[in-house]
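**Q** Provided herewith is a single structure, encoded as structure tokens, for subsequent inquiry.
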Amino acid sequence: MKNLSKILLLFIFFVTFLSCKQQQQARMPISRSSGTFMKESAERNKKLIAGEEGKIDSIIKSNPKIQYIASKKGYWYHYQIKNERDTLRPKKGDVAQFDYEIMDLKGNVVYSEVELRPQTYLVDKQNILMGLRDGIKLMRKNEKVTFLFPSHMAYGYHGDNKLIKSNEPIICTVTLNDFKPKEKIIPQVNLPKNE
């Protein structure tokens with residue numbers, strides 16, 4: 001029995017030694033990233049933007065009497081009502097009060113001013129459409145501006161989960177009723193507490 005124990009112990013030691021001696025080879029990853037996905041995604045986005053810009057360009061060309069201005073951020077706009085008297089524009093931290101309406105590129109109203117009700121916006125400190133965020137800072141008090149926003153400046157890939165579809169460019173008409181520094185606003189106005 002003693003010999004059997006020694007043999008069994010020797011056998012276990014030998015098996016353990018052999019299993020430890022075998023070297024594990026590094027496994028290759030199951031999927032390798034060659035950057036192809038990113039390149040394909042970039043190409044899809046370029047085509048999408050070019051298509052949207054083509055539609056916007058046809059709107060601009062369809063009415064040559066309207067002077068559209070190309071912004072540095074990739075959208076276009078024109079003044080329906082221009083304020084030549086005032087020079088001030090909203091800046092970060094100001095409270096802007098505005099009305100707006102959203103239409104599709106065919107001119108169909110998606111959301112009316114009544115549905116969107118007057119807006120109070122803490123400039124650059126609240127989350128709104130990227131295009132509006134920039135566009136409002138171009139406006140003066142009592143101006144009315146029509147913006148042509150490609151989808152990446154509007155609701156993007158996701159849409160708004162209601163009436164605006166994925167990757168849909170929009171026409172947005174905004175009237176800036178007023179803006180003031182936050183400190184001069186009457187406390188009755190409900191402003192967001194998170195800055």
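The values are calculated or read from the model by the stated rules, or taken from the named source; none is laboratory data. Note that the structure is predicted; figures quoted are calculated from it, not measured. Methodologically, a virtual Cβ is constructed for each residue, glycine included, from the backbone with ideal geometry; neighbour enumeration extends over all protein chains shown. Note: areas computed on protein heavy atoms with side chains; ligands, DNA, RNA excluded. Shrake-Rupley method; radii C 1.70, N 1.55, O 1.52, S 1.80 Å.
**Q** Express in whole angstrom the spacing between the alpha-carbon centres of segment 163-184 and segment 57-112.
**A** Their Cα centres are 9 Å away from one another.
**Q** Return the FRET efficiency for the residue pair residue 116, residue 70: r is the Cβ-Cβ distance, R0 is 22 Å, and the value is rounded to the nearest 0.05.
**A** Once rounded, the FRET efficiency stands at 0.30.
**Q** Return, ordered by residue number, the residues of segment 78-115 whose backbone nitrogen is under 18 Å from a label point located 7 Å along Cα→Cβ of residue 63.
**A** Output list for this probe position: 78-83, 100-113.
**Q** Would you mind working out the accessible area per residue for segment 109-191, using a 1.4 Å probe, and quoting it in Å²?
**A** 52
**Q** Per-residue counts of other Cβ atoms within 10 Å, averaged by peptide: what ranking do you get for 39-50, 102-113, highest first?
**A** Result, highest mean Cβ count within 10 Å first: 102-113, 39-50.
**Q** I've got another one for you. Take 170, 7, 59 and sort them by solvent-accessible surface of the protein heavy atoms, 1.4 Å probe, largest at the top.
**A** Ranked list, largest accessible area first: 7, 59, 170.
**Q** If you don't mind, another one. Mind ranking 126-137, 156-167 by how tightly packed they are, going by the mean number of other C-beta atoms within 10 angstrom, highest first?
**A** Top to bottom by mean Cβ count within 10 Å: 126-137, 156-167.
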